[in-house]
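Heads up: the structure comes next, in structure tokens.
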Amino acid sequence: MAAIISLLLGTALAGLLAFLAGIFEDSESNAGSASNPNSQVQLAPQIGNRHRYFNKAISGEPPANALWATTAATIAYLLTAHFGGDAFAVLIASIIGAAASTLLLCAYGVLSHISRIASMKNFEQTMYWDSLLTPLPLDAAFGFLTALMLTLLAFAAHSLLGNPFSVPLLAFFFGITIGAIGSSTGDIYYGAERLYQHYIFGSGIPISVQGDIDVKGEYGYRNSVDTPYFTMRFGGLVTGLAFGMLIFLDAWSRLFTFAGVWTSVIVVSVLVLIILIFIYLLEVYARKRYGRYTED
Amino acid sequence: MKEISIHTLFGAALLSGIAGIILIGHGISIGIVFLWLPFLSAANSVRGMAKYGLGTGNASIGYWGAAVGATSAFVASLSVSCRSTPFLYVAAVVAISLVIGLATGVLADKVIRMKIPRIELNSAVIAVSTALITAGSLLILGSNYGLYPFIYIIITLAVLHPYNASTGAGENQKRTLTLALVEACMTTLVIGIVAMLASGSAMPISDDVAIVVVSACGLVIAVVAWYRLVKSDTYEIKWTGYSPAEH
Amino acid sequence: MVDPLTATIMIIAGGVLVGVCVHFIPASATGAMAAATGIATGPSMLSAGAGLAGIYAAAYSIDSGLAPVIVSGAVGSALMLLITILCGNIMLAFGIGAPPVSGQTASGKSTFSGTKDIITGFEQEGYASPGTDGHGMPFQTAVSGTIGALMGGAGGALVFYAVYSMTLPEIATENAVTLAGIVAAGVFLINSVLPAYVLVGKTEGVFDMKIRSIHRTFISCLVTSSIVACVIYAVCELAVSGVMV
């Protein structure tokens, strides 16, 4: 009975934590213009758009998020050995671990931004201190929350769901996976919509205009603090939905016992087919709704 | 400006890395300063490969190279004890990572036909350098399997980040390598702190404190040197303002 | 548990599967600007994300034997990839306002001739925004990606189970699982980058002409994983036979 309650609790908790982690991860990457859309911020000064974005080019999202999550989880894992293993100790240790990894994030973010701007000398890009220091606390806050959620998720997967991997290894896996999901869903909204709001809605960004990003915002010059405000309303939520759904459905498929060891495989296979049907229906809808591109 | 060649840097990194590991193996934890050169050499080779804009981002090159190095060091530690015979352990780690790195580089050159000069050399250099760093970190942190992912990923970022951060038309080797030194110090600092927390760590706590102190000193010096280069390279540094063209 | 020699062959097979799977997964870095068909990130990064999700799922059934581990790894990866494709398409349809369309097929340059989706029969020509090479993941690339993820997840799980069986005689169970997990991740990361050189940062899966250079990936990954597998075999044999130098 206790095992079933722990599984149920773990499934609910893991789904919730993963959903939140997805939202925070996408906002973190957008606040720092990280990952793939970074190429556009990088390209902008070369075609004369000198900007005030935070250019946090740490690396692709998967390794960067894996580093924040693994550092936080490693420190928390070592601290729980000192504190004892109850839930309160895990929470405190995770907060300390996430705070430490946030310091690392800040250091890497500052080094990246300054170095990237220094390499833009030929294009007369000025290095503004305030365009680095204003978004940095926001970015760090989202980074802290991502690392904290992933660390707690790793503890939940290890002790409530019963995954045999150690906590830091789970955090490493979650970090790589959330980075891959975040850079392939949330970033589209930042890269193709937010950076190019002055182009009409309803089309991809042609390669010929890439780099011609918006440098002016709702009022005055745009800085990276405005970005999560915009992307969190749609991009962040869909990223959270993707990662939350992955972790939740994976844990949920293990709640049943009708076919022994093959139960979860059968459940996940059915889910895969259902998702394929949804992809088909969405494509039918989008084609009908938007139609062909016509000359105008 | 004349650039440091891959061979020179790698030769220095190999000797210094081996020296560092043997020092750490004999309980002299300050030997970690000798592990900074492998960081530089690996970052330089990431630069050498990513400069040609190949089909993969330099993040991929970094985590690929670190995966070769770290996997070699982790696997080798299963049968060759890194504590009792550090020299044999280093030899095994270097040999394994050299073979895998070189083989992959040759395959990328001959089978996949990438047109990148010296891709096989650069692959081998990244693999061996990261393997040396991983081996040194394992000696400090002890063989606690829970810490392996942390060791792998923190080295990955320190190796791939210097060139990734400096990319742009005004990039030069001197600034990239100085940034690599900054990040090497930062990484050993974090490794020292984690070693302090790991109570079952292979070293007494005073040695871990020594690592943290040395890394912090190195970090301060490296950041000052790096910022000096940044100041001379940047177009203009201002507190705030708008671009002049539009005002 | 499997014997060490079989485990070595499993590592080689797993490494090759991991390498080949990258060719099947549609991915493109410029997808983030909705300027090319495929999931909006680098092929090797995406495959790593899907593969590690598979190894995570496989770890739950480590005590149930070889077959459940491999199959749960495969479906775990497929689940991750399909959720990513679904959410990417949601983003494209409601955030950008464009239908998913295959650029290569629209311009008649796909592996199979014609400008229609092979599976659904939807016409692709005219649906791509002007100046772009398609966007999103149309149904045919989703199916191709599912096949790729099944292969990648199975490959990762094979390596995971093989390393677990080889190291178990010698170290405690929970340590063996963690070591096997990190080594499997390492083998995954080593092999998933090699195809990225062939793909030059962009592929549409089976429907891209680049699938024709899959033999190069196959040979490279075969050689690389053979070396890795031999090293792991030699080290584990030394350790098991008690030669602790």
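Points to keep in mind about this one:
- Scanning segment C:232-245 for residues that are β-branched (Val, Ile, Thr) and buried (at least 21 other Cβ atoms within 10 Å of the Cβ) yields C:ILE232, C:VAL235.
- Considering only residues in segment C:91-115 that are of a type in the set (A, V, I, L, M) and under 15 Å from C:PHE139 (Cβ atoms), the one that is modelled with the lowest pLDDT turns out to be C:ALA106.
- Selection within segment A:204-240: residues that are surrounded by fewer than 23 Cβ atoms within 10 Å (Cβ to Cβ) and hydroxyl-bearing (Ser, Thr, Tyr). The member of this set that is farthest from the other protein chains (Cβ to nearest Cβ) is A:TYR229.
- Set A:ASP187, A:ASP212: member being in a loop (DSSP other than H, G, I, E, B) and either under 29 Å from C:ASP133 (Cα atoms) or in contact with an Asp or Glu (Cβ under 8 Å, 6 or more places away or on another chain) (or both): A:ASP212
- The residue of segment C:203-222 that is nearest to the other protein chains (Cβ to nearest Cβ), among those that are more than 22 Å from C:ILE232 (Cβ to Cβ) and crowded, with 23+ Cβ neighbours inside 10 Å, is C:THR203.
- Residue in segment C:137-149 that is touching a strand residue (DSSP E or B) at 6+ places or on another chain (Cβ under 7 Å), aliphatic (A, V, I, L, M), within 21 Å of A:ILE274 (Cα to Cα) and at the interface with another protein chain (Cβ under 9 Å from one of its Cβ atoms) present: yes
- In the set C:VAL245, C:VAL193, only one residue is modelled with pLDDT under 90, farther than 25 Å from C:SER61 by Cβ, outside any helix (DSSP H, G or I) and at the interface with another protein chain (Cβ under 7 Å from one of its Cβ atoms); that residue is C:VAL245.
- Remark: B:VAL190 matches the filter, which requires a residue to be modelled with pLDDT of 90 or more, in a helix (DSSP H, G or I) and more than 30 Å from B:SER5 (Cβ to Cβ).
- Complete set of residues in segment B:120-140 that are surrounded by fewer than 24 Cβ atoms within 10 Å (Cβ to Cβ) and either in contact (Cβ under 8 Å) with a residue 40 or more places away in the chain or polar (S, T, N, Q) (or both): B:LEU121
- Single residue of A:LEU20, A:LEU104, A:LEU16, A:LEU67 found to be within 7 Å of another protein chain (Cβ to nearest Cβ), part of a helix (DSSP H, G or I) and surrounded by fewer than 24 Cβ atoms within 10 Å (Cβ to Cβ): A:LEU104
- In segment B:10-51, residue nearest to B:GLY218 (Cα to Cα) [restricted to those that are aromatic (Phe, Trp, Tyr) and in contact (Cβ under 8 Å) with a residue 24 or more places away in the chain]: B:TRP36
Residues are listed down the side, and each one gets a yes or a no for (1) touching an Asp or Glu at 6+ places or on another chain (Cβ under 7 Å); (2) crowded, with 24+ Cβ neighbours inside 10 Å:
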site	(1), (2)
A:ALA2	no, no
A:ASP26	no, yes
A:ASN36	yes, yes
A:ILE58	no, yes
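- Scope segment C:104-119; condition in contact (Cβ under 8 Å) with a residue 12 or more places away in the chain and surrounded by 15 or more Cβ atoms within 10 Å (Cβ to Cβ); matching residues: C:GLN104, C:THR105, C:ALA106, C:LYS109, C:SER110, C:THR111, C:ASP117, C:ILE118
- Screening segment B:172-193 for residues that are surrounded by 22 or more Cβ atoms within 10 Å (Cβ to Cβ) and among the charged types (D, E, K, R) and picking the one that is nearest to B:ASN44 (Cα to Cα) gives B:ARG175.
The values are calculated or read from the model by the stated rules, or taken from the named source; none is laboratory data. Quick caveat: nothing in here was measured; it's all calculated off a predicted structure. A quick note on method: Cβ atoms are made from the backbone with ideal geometry, for glycine too, and the neighbour counts reach across all protein chains shown.
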